[in-house]
Structures are given as C-alpha cells and as structure tokens.
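Accompanying notes for the structure given below.
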Amino acid sequence: MKPHEDRIADHVKQIPRSGIRDFFELVQGRDDVISLGVGEPDFAAPWHIREAAIFSLEKGQTSYTSNLGLLSLRESISEYVEGQFDVRYDAKTEILVTVGVSEALDLVCRAMLNPGDEVIYHEPCYVSYNPSIALAYGVAVGVQTKVEDEFVLKAVDVAAKITDKTRMILLNFPTNPTGAVEPLEELEKIAALAIEHDLIVVSDEIYSELLYGGESGMERGEHVSIASLPGMKERTILLHGFSKAFAMTGFRLGYSCAPHALTEAMMKIHQYSMLCAPIMSQNAAVEALKNGAGEVEKMRRAYARRRNLLLNSFEKMGVPCFSPGGAFYAFPDIRKFGLSSKEFALRLLEEENVAVVPGDAFGAAGEGCVRACYATAFDQLEIALERIANFVGRL
Amino acid sequence: MDALLELLEKNARLTTADMAVRLGKSPEEIESMAAELESQGTILGYHAVIDRDKTDDDRVSALIEVKLTPERDGGFDRLAKRIAKFGQVTSCYLMSGGYDLAVIVEGNDLKEVAQFVSEKLSTLDGVVSTATHFQLKVYKQSGFLAADTHEDERLPVTP
C-alpha cells in the first residue's frame, strides 16, 4: 500500500504547517499560562444575542435557510453596512451570508481565480490569506509592510507588484496581527491602482468597529471602507462578520457584499459545499444587528482601556510599540533584544508563562515583532505585563 | 467624564494612577475630574456591592409600593423626601404606573421592617396605601450577577 502521505494532493502538501499551530502545541498543557496569543474577544457574546439563539431553537427553527442566508438577515446587513460603511447593497442579490469571513474568503478565491492568477496581499497578515489563495490554485504575492511605517500599506509597493496576471488586491484594515489602520490617502491611491489596472479589491473589514480615536483612544474612530470610494463599489468584495465586534466567534457567521454576478459565483460554490450558514447563528445575528450597537461600543471601550494599559506598560519597559488604531492587537518591536520573534516568544513562555505569538507566524514581514492580544481580562493583562517587564528586564 | 464614571461604576476602588492608565490621561486630570463630579453631586458616594447570602448577616430587604396624595405645590417631592430621610430606607424612587413611590427598606428582621411600615410609613399624612414585598433571593444587584464565574474557555493560541 502506498504511504498515505503520497496520497495527499500536491497543492495541499505544499502548504506549510501553520506557525500558530506549532506555538499552540507548546502552550497547551502548561499550567498558569496567561495567554495574549488568542485572536478572539474574551467576552461571551452579549446575552441578548445568546438569548435570541436560544429562542430560535425553542421555536424549532432547525432547518436549512436560503443558500444566500435568511432574507431578514440580509436586509439587516444591508441596512447595517450602509450605516457603517456608507455603501448600499441589495439584500436580494448582492449579499451572501457565510460560515465566517474565512469561508467567504475561500469562496472569493475559488470563484475568481484561474490557476496562476495572482493576488496581491499585505504582510504581516491573517494566517489564512496565503493558503486560501494557494488552495484555489492562485499565486499569493505578498507586499511587506514595515514597522517603521506603522504597517501602513504603501500604494507604490502595491503598484510594484502588479503584473498582467494580477486579478485581485486583498486588504485587511484594521489589520490582524498589527492593529494597523490604512490612512485615507493611501487607500485612495490603492483604489486608483485597482481602477487603472481593472482589478478587484477584496476587503476584509472584520475589525472595522474596533477603532480607537481621540487622544486616548477612548472615542470610536471613523472607518472608511474602500468600497465607499468613488468607482469602487463595482469592483470591491467587502467581507465582514460578527465574530470580533459582537464577540460571536463560535457562531461562525460572516458575509460578503459584492456585485451580483460575483455574489452568484460565490453562491454557486457555497450552495454545494456549505449549503447555508447555521440558522440559529443567523437568527442571533439579526438580533445583534438590531440591538447590539450599545454592547459593541461597551466592549470597544473596554478594549480601549486595556490598549492604554498595554501601550503605557510597553513604553515604561522600553519596548517600542506603535499605537495601533484598531482591532485588539499590539505588535511590539522586539528587535533591540537581539532575539528572533520565535526565540522571544519561546523564552517568554518558558521563563514567565506568558504566551504571545511570534510575528513571523503572520509572514516574514512580522519577524522582529510579536503579537500581543489585549482581549484579555484587565487583571490578567496586568499580571502578564508585569511578567513581560520582568522578562525584558533580564534581556 | 463619562468614561471616568463608567470605570468608577464598575470598580470604585481603582487608584487614581490605575484610572489614568486606563483612560490615557494624567493622574492630575483624573483627580480634577473626580473632584468636579463629587462637588457637583454627580457622584453621590462610593460603596461595595455585597452579596448578603455570603455573610452571617440576616438582614432583610423589602420593596414597598407607596401610593401618595400629591400636594398642590410640589407634587410628591416634600413627602418623598421626608420618607427618604428615614435611615431604614436605602433607596426611594418616584415611579410611573400603578403606584407612586418605590421604597427599598432594610431591617434586621421581618418584624423590624413590618414595624417601620405600619408605624412610620403608613401613618404619614398623605400616604394612601402601602404594599410590602420581601426580597427572597438576589440574582443580580448594581450590575453584578451573584455567584457569576465566567471561565475563559478559549484556546490559548488562535490566529
């Protein structure tokens, strides 16, 4: 019998093991670890949202829904997106409800790419971008963003990577893992490039509610979606979901907003692979959009306070860290300690029982930094930061 | 100011330095904001939220619905303020709906509360009727759930 390894498809074999997975295994099984390594809120979904999911089950709503998702949900999404992003999408033809943004991204890649087509994305980035493109036989073309630029994506760097094979530009602002926010002027230049070269922009805006404005980050910052820029709605696939702002990661619910023909193509795959997103999650999401704004803002302010603590502590311990405008991550620069980000994270874990994620897990451009998630209870965060201070004090 | 109130409402024991870090302000700014909130009476006081079931204290608490005859000048205010001054009254609110005042009363035992209602409250001129509801169990008070433990069940490292 052939070894099973030889039966795995080539393009799957070529995908490297996730750096996150390696690190996860090291952390798991250790006691007393405070983890700043998570990529999700520490809050449970607000009770009124959980209660709506329970009520949906009580009513016996356990069936499939339309492939596109419940119309009532798509209508709520349409209204919400218009309020949030200032772009209007037709609930019947331009919105697809998916199992998280991850599924939506997979659908985009599979629906839009022919083998060898290139997708430009920015690093460091969420770990699934590169594999999602590769699994759709596309070619992922990374643009490195730099700590010196506060991880802003420079349009000139994007322009340099455009070839006649480029089909899409994939954006994620605010960014996981850096917390970076794209300034409007660069966003406009990227939009101009997309128009000039007739490219589609895929914009993952999952963290768009979590923006820290004003002097101390306590005010909600303003988000500009590239879809709202002139001439961009017709060439943008906007991805959003409920995981981060509404603390609903386990509900697995996201959506895409895109021109009808593109939505149809994505739906074709979705109907055969997923059929539809779970109905109780969809019902919970209707409630989230209807009545969740207050809770979202409350959580955002809690993150803002923690962000202030984190930045203040890093400054005190002499760890350079730019002030991240969004999401719930900080991406401190640890190069001055002379360790690789992996060594830094490993030793911090072994010596002080604090988990942060090595920056290179998010692409080579993340080397020299670590990702510290501040979606962790305040008192835990305080202890973790004391431990980090002890650790860097010894380096 | 609102951000500071939000913090204090949840935990009034934070030090000025703690609050300054959380809100990204200087300790001096926090001090002056807090002083202003206190002097203008926005902050009435600070207290601990205690789950009495966890103490040896057998004190009882009752919600009393009170109906009043409004007065020509000042409506309910004079009488409500008079009721609120009793030491046994911990809270007193003017309500819409079927009765006028909601009065929360605490006492060492049932008898003490009953006595307060029959001797002090219901004998006041202007009090038309009272209905006393004794509190049996606390599930949530002042924003805190009793016996609430939320375990962090997230995976330790996720993308």
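The numbers here are math on the coordinates, done by the rules we state, and not lab data. Fair warning: this is a prediction, and the values are worked out from it, not measured in the lab. For neighbour counting, all protein chains shown are included, and Cβ atoms are generated from backbone atoms with ideal geometry for every residue, glycine included.
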So A:Arg220 fits all but one of (1) away from chain B (no Cβ under 14 Å); (2) in contact (Cβ under 8 Å) with a residue 40 or more places away in the chain; (3) of a type in the set (Lys, Arg); what number is the exception? (1)
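Can you find a residue that is within 30 Å of B:Asp2 (Cα to Cα) and among the β-branched types (Val, Ile, Thr) anywhere in region A:295-307? Let's see the steps before the verdict.
Looking only at region A:295-307, we keep the residues that are within 30 Å of B:Asp2 (Cα to Cα), and these are A:295-307.
Subset that is among the β-branched types (Val, Ile, Thr): A:296.
Yes, the conditions are met somewhere in region A:295-307.
Any idea which residue in region A:373-389 is nearest to B:Glu153 (Cα to Cα), counting only those that are among the acidic types (Asp, Glu) and either within 11 Å of another protein chain (Cβ to nearest Cβ) or under 25 Å from the mean Cα position of the chain (by Cα) (or both)? Lay out the reasoning, then the answer.
Applying the first criterion (among the acidic types (Asp, Glu)) to region A:373-389 yields A:379, A:382, A:386.
If we keep only those that are either within 11 Å of another protein chain (Cβ to nearest Cβ) or under 25 Å from the mean Cα position of the chain (by Cα) (or both) as well, we get A:379, A:382.
Working: A:Asp379: 17, A:Glu382: 20 Å.
Here the answer is A:Asp379.
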Among the candidates B:Glu29, B:Glu71, B:Glu106, residue that is within 14 Å of chain A (Cβ to nearest Cβ) and either among the acidic types (Asp, Glu) or within 29 Å of B:Gln135 (Cα to Cα) (or both): B:Glu29
Only one of A:Leu113, A:Leu36, A:Leu26 that is touching a residue at least 24 places away in the same chain (Cβ under 8 Å) and over 30 Å from B:Glu151 (Cβ atoms): A:Leu113
Here are B:Val157, B:Val89, B:Val138: which of them is of a type in the set (A, V, I, L, M, F, W, C), more than 23 Å from the chain's Cα centre (by Cα) and either surrounded by 11 or more Cβ atoms within 10 Å (Cβ to Cβ) or within 14 Å of chain A (Cβ to nearest Cβ) (or both)? B:Val157
Any residue at all in region A:320-329 that's over 21 Å from A:Val119 (Cβ atoms) and assigned to a strand (DSSP E or B)? yes
Condition first: crowded, with 21+ Cβ neighbours inside 10 Å, in contact with a Lys or Arg (Cβ under 6 Å, 6 or more places away or on another chain) and facing another protein chain (nearest Cβ under 8 Å). Can you find one or more residues in region A:18-40 that meet it? yes
Kindly establish whether A:Gly138 is small (Gly, Ala, Ser), crowded, with 22+ Cβ neighbours inside 10 Å and in contact with a helix residue (DSSP H, G or I) (Cβ under 9 Å, 6 or more places away or on another chain). yes
Just to confirm my filter: which strands (runs of 3 or more DSSP E) fall fully inside region A:78-166 and include at least 2 residues that are out of contact with any Leu (no Cβ under 9 Å at 6 or more places or on another chain) and of a type in the set (Asp, Glu)? A:118-123
